[in-house]
Amino acid sequence: MGIALLCNAGVYNTLAHAELLPATTAANVTVYELDNGMRILVLPDHRAPVVVSQVWYRVGSSYEHNGVTGISHMLEHMMFKGTKKLKPGEFSEIIAFNGGEENAFTGTDYTAYFQTIAADRLELCLRLEAERMRNLKLDETELKKELQVVKEERRMRTEDNPQALTFEQFQATAFVNSPYHHPIIGWMDDITNYKVNDAREWYDRWYAPNNAILVVVGDVQPAAVYALAKKYFGKLKPSLLVPPKTQIEIPQLGERRIKVHAPAEVPYVVLGYPVPVLKTAKEAWQVYALDVLAGVLDGGDSARLSRELIRGQQIAAQVSVSYDMYDRLNSSFVLSAVPNDNKKVADIETALRQQLNKLKTHKISAEELARVKAQVLASEVYQRDSMFYQGMRLGLLEAVGLGWQRADEYVAGIKAVTAEQVQSVAKEYFVDQHVTVAELVPQSSITAPNVSGE
């Protein structure tokens, strides 16, 4: 009872916090566009003399085709290997010398490069990013060296990680013709056989100002950022952009199920259902209802899966739910779990399905809905405290084609969700014939991994 009171106190505090959203919302964004098509988004945040600079390119693994899967990620590595004016590694050395931090990341729908640095060093970041946007040096020697790094990264993150390996196989089974079929890092055989021309063609095709978005958040004035961006990026020539044809995932006509046999200590199971995202949904409320539903199942210790499957029935050692409303194409609502020591994968799969069926047959209570909304909104509020997150949200929305203006719709969308809408999306999307199940079957470490369908 004491614990419940503490939890409730936390809920109401966070709800109050959620009502007082920070002043730095997307509404304060100033937008520019250079003559060469490069978009610039500036969000002043004067709480600290710091700036976050991000350059987003509208290209990621979902743009790739067979034979060059993972090339977006490979090119991300090569972007640190020197330009006409910079030696390999010099970009990072200059940023570090000036007290900054920098890195990059590749997703299914974008690739982004960023620096966090003192506000008076922004010009340095823009000069360096402009230099590597059009003047990257790509040679066979550097590519061969970096290939080994990327292959080792794949081994470490996926092939030697049985849960990650199972999830990769799940994705490849759940998506048949959607480009989300391929892993972001690419298939090992494709990585092994990259040629320098593959990277060069990808770079020339996509790394152009008219395919890029500069996002700057921090202690800056928009007009000053625009002047710097024009100085360094304005002279770069645009490319002729021909986006790949949209591939819509074929309808799923029955359950898909695979077993992944790999060296592991414990079994693991992944269940996924095809769902729309904000960009593809006919009605936006469904997307927000799915996000709230994810919070009902997996929104902390008080959420249903933790309360009922881990602490209650003690059937699961670990459970999680994931749903990303900001994907460019239709996505999956995914549940994953590790069964407890004395339980089987079939037990935990049955328990997960029972939880989904409960959502279909019983509306969630007003109290539970309010608690979950408060948690979801509190998470949004806390993330807005981060300059990096604010830039991340703006850049991502622009990169997937939703537009930065959608950033401030999230809170209103979540607040408007009703119990009836949560039940409605559960009924519509958690259909037995549409489920994909991937099971990790632990093997001894000397047994090679393999995949079997049923």
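Tally the residues that are open to solvent by 40 Å² or more (accessible area, probe 1.4 Å) and not in a helix (DSSP H, G or I), restricting the search to segment 356-386.
Final tally of qualifying residues: 5.
For segment 92-101, name all the residues that are surrounded by 16 or more Cβ atoms within 10 Å (Cβ to Cβ) and touching a Leu at 6+ places or on another chain (Cβ under 9 Å).
Ile94, Ile95, Gly100
Any idea which residue in segment 196-234 is most open to solvent (accessible area, probe 1.4 Å), counting only those that are of a type outside the set (A, V, I, L, M, F, W, C) and within 22 Å of Ser386 (Cα to Cα)?
Our first condition is that a residue be of a type outside the set (A, V, I, L, M, F, W, C); within segment 196-234, this holds for 197-198, 200-201, 203-205, 207, 209-211, 218-219, 221-222, 226, 230-232, 234.
Next, from what is left, pick out any that are within 22 Å of Ser386 (Cα to Cα): 218-219, 221-222.
Details: Gly218: 0, Asp219: 57, Gln221: 114, Pro222: 22 Å².
Filtering first and then ranking leaves Gln221.
Which count do you get for residues in segment 412-440 that are among the aliphatic types (A, V, I, L, M), more than 17 Å from Tyr323 (Cα to Cα) and part of a helix (DSSP H, G or I)?
So the answer is 2.
Looking at segment 140-175 only, could you name the residues that are among the hydrophobic types (A, V, I, L, M, F, W, C) and either within 14 Å of Val437 (Cα to Cα) or open to solvent by less than 40 Å² (accessible area, probe 1.4 Å) (or both)?
Leu143, Leu147, Val150, Ala164, Leu165, Phe167, Phe170, Ala172, Ala174, Phe175
Name the residue, out of Leu305, Leu297, that is in contact with a strand residue (DSSP E or B) (Cβ under 6 Å, 6 or more places away or on another chain), surrounded by 15 or more Cβ atoms within 10 Å (Cβ to Cβ) and under 27 Å from Ser62 (Cβ atoms).
Leu297 is the lone residue from the list that is in contact with a strand residue (DSSP E or B) (Cβ under 6 Å, 6 or more places away or on another chain), surrounded by 15 or more Cβ atoms within 10 Å (Cβ to Cβ) and under 27 Å from Ser62 (Cβ atoms).
Go through segment 46-145 and tell me which helices (runs of 4 or more DSSP H), entirely inside it, have 1 or more residues that are over 22 Å from Trp187 (Cα atoms) and of a type in the set (Lys, Arg).
Those helices (runs of 4 or more DSSP H) span 122-134.
For segment 151-163, which residues satisfy the criterion of being of a type in the set (D, E, K, R) and not in a helix (DSSP H, G or I)?
Asp160
Determine if segment 70-77 includes at least one residue that is polar (S, T, N, Q), in contact with a helix residue (DSSP H, G or I) (Cβ under 9 Å, 6 or more places away or on another chain) and either closer than 28 Å to Pro183 by Cα or free of Cβ contacts under 8 Å to residues at least 60 places away in the same chain (or both).
yes
With the requirement that a residue be open to solvent by 20 Å² or more (accessible area, probe 1.4 Å) and either closer than 13 Å to Val376 by Cα or not hydrophobic (A, V, I, L, M, F, W, C) (or both), what does segment 417-431 give you?
Result: Thr418, Glu420, Gln421, Gln423, Ser424, Lys427, Glu428, Tyr429.
Write out, first by first residue and then by second, each pair whose Cβ atoms fall under 9 Å of each other, whose residues are 6+ apart or on separate chains, and whose first residue, in segment 259-283, is free of Cβ contacts under 8 Å to residues at least 40 places away in the same chain while the second is assigned to a strand (DSSP E or B).
Ala281/Val275
Could you give me the residue pairs with C-beta distances under 9 Å whose first residue belongs to segment 140-164 and is in contact (Cβ under 8 Å) with a residue 40 or more places away in the chain, whose second residue is among the basic types (Lys, Arg) wherever it lies, and which are 6+ apart or on separate chains?
Glu140/Lys195; Glu142/Lys81; Leu143/Lys81; Leu143/Lys195; Glu146/Lys81
Say whether the condition of being part of a helix (DSSP H, G or I) and either of a type in the set (S, T, N, Q) or touching a residue at least 12 places away in the same chain (Cβ under 8 Å) (or both) is met by at least one residue in segment 330-345.
So far as segment 330-345 goes, yes, one or more of its residues are part of a helix (DSSP H, G or I) and either of a type in the set (S, T, N, Q) or touching a residue at least 12 places away in the same chain (Cβ under 8 Å) (or both).
Assess whether Gln247 counts as being touching a Ser or Thr at 6+ places or on another chain (Cβ under 7 Å) and not hydroxyl-bearing (Ser, Thr, Tyr).
Answer is yes for this residue.
Under the condition of being of a type in the set (Asp, Glu) and over 16 Å from Thr111 (Cα atoms), which residue from segment 383-427 is modelled with the lowest pLDDT?
Asp385
Any chance segment 307-325 includes a residue that's in a strand (DSSP E or B), over 30 Å from Asn177 (Cα atoms) and among the polar types (S, T, N, Q)?
For segment 307-325, residues in a strand (DSSP E or B), over 30 Å from Asn177 (Cα atoms) and among the polar types (S, T, N, Q): present.
The values are calculated or read from the model by the stated rules, or taken from the named source; none is laboratory data. Bear in mind that the values here come from a model prediction, so they are computed numbers and not experimental data. When we count neighbours, we look across all protein chains shown, and the Cβ atoms used for this are built from the backbone with ideal geometry, even at glycine. Please note that ligands, DNA and RNA were not included when accessible areas were found on the heavy atoms of the full protein model with its side chains. Shrake-Rupley method; radii C 1.70, N 1.55, O 1.52, S 1.80 Å.
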